[in-house]
Amino acid sequence: MDDFDQRRAHRRSEELFRYHTEDLDRPDSFVLFDKEWVLLDGVFSPAVTPATRLFTSWLPYPAGGRFLEIGPGAGVTAVTAAVSGCASVTAVDISRAAVENTRRNAELHGVAGIVRARHGDLFEPLEESERFDLIFWNSNFVETAPDAVNETELHHAFYDPGFLAHRRFLAEAPGRLAEGGRLLLGFSDIGSWKSLRRLCSELGLVIDVLRTERLDLDDPVELQLLELRPR
Ligand SMILES: C[S@@+](CC[C@H](N)C(=O)[O-])C[C@H]1O[C@@H](n2cnc3c(N)ncnc32)[C@H](O)[C@@H]1O
């Protein structure tokens, strides 16, 4: 990523972050996929960018299979996976508010028995033996300096200092897949492609771009669904 891309990434993420923290009219619910969803304070809002809607509608949910979502936020993707026929959905978020939000929306949509929401850092709250047919993270793809600190839970929705969470995700996720399982990442052209490429090359992973959509903003941004496969 060159300096221009870095500036673009930070401009866009700061704009989104400000919306989440300064908009006094931020609604406590929103409608998506013809459903009403609860939105708690401090949780990434699926109503502000099309990212949640696009990734949720693009994912190849394994019917009858096990889906792991890292970072469910308000829980739209996790609930949709359950409604779409996944036998079990595990959703792990580093934000306590996001975990509570996912539980609330799973209850609201009648899938609390399928969606298991856990608080924690990536794979840390899972049993060692658990394996999944699909693992997905709509990640905090804006890289900040390695010594930067995510001061609030909401910072984790946007920023990954030193791309260290991505490093751990890419290193550990392949070992969490069942045979034939797939590893997908919700990313963007303002994400740190330079670090992503370097990490994948170090870890022996190949990146396939499955789908993209360009958002018609003043400064256009492309959302990208990526698949990571062993080389
Ligand atoms: C871009 S938001 C996406 C939220 C939701 N999936 C959506 O599409 O609306 C990224 C999510 O990842 C979570 N997250 C960031 N770092 C994490 C980590 N190390 N472990 C678990 N969740 C993390 C954030 O708290 C946030 O909920």
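Output yes when any residue across region 53-66 is of a type in the set (S, T, N, Q), farther than 27 Å from residue 220 by Cα and either at pLDDT 95 or above or out of contact with any strand residue (DSSP E or B) (no Cβ under 6 Å at 6 or more places or on another chain) (or both), and no when none is.
Looking through region 53-66, none of the residues is of a type in the set (S, T, N, Q), farther than 27 Å from residue 220 by Cα and either at pLDDT 95 or above or out of contact with any strand residue (DSSP E or B) (no Cβ under 6 Å at 6 or more places or on another chain) (or both).
Report, by residue number, each residue of region 33-63 that is over 25 Å from residue 209 (Cα atoms) and aliphatic (A, V, I, L, M).
38, 39, 40, 43
For region 74-94: of the residues being over 20 Å from residue 188 (Cβ atoms) and within 12 Å of the ligand (Cβ to nearest atom), which is surrounded by the most Cβ atoms within 10 Å (Cβ to Cβ)?
Only one residue fits best here, namely 75.
Output yes when any residue across region 154-163 is in contact with a Ser or Thr (Cβ under 8 Å, 6 or more places away or on another chain), farther than 23 Å from residue 11 by Cβ, within 16 Å of the ligand (Cβ to nearest atom) and not in a strand (DSSP E or B), and no when none is.
no
Within region 110-123, how many residues turn out to be within 15 Å of the ligand (Cβ to nearest atom) and either of a type in the set (S, T, N, Q) or part of a loop (DSSP other than H, G, I, E, B) (or both)?
Qualifying residue count, region 110-123: 4.
Would a scan of region 214-231 turn up a residue that is assigned to a strand (DSSP E or B) and exposed (fewer than 13 other Cβ atoms within 10 Å of the Cβ)?
yes
Could you please let me know if residue 175 is away from the ligand (no atom under 12 Å from the Cβ), surrounded by fewer than 18 Cβ atoms within 10 Å (Cβ to Cβ), modelled with pLDDT of 95 or more and assigned to a helix (DSSP H, G or I)?
yes
Taking residue 134 as the residue in question, decide whether it is of a type in the set (A, V, I, L, M, F, W, C) and surrounded by fewer than 22 Cβ atoms within 10 Å (Cβ to Cβ).
no
The values are calculated or read from the model by the stated rules, or taken from the named source; none is laboratory data. Remember, it's a predicted structure, so these values are computed and weren't measured experimentally. For neighbour counting, all protein chains shown are included, and Cβ atoms are generated from backbone atoms with ideal geometry for every residue, glycine included.
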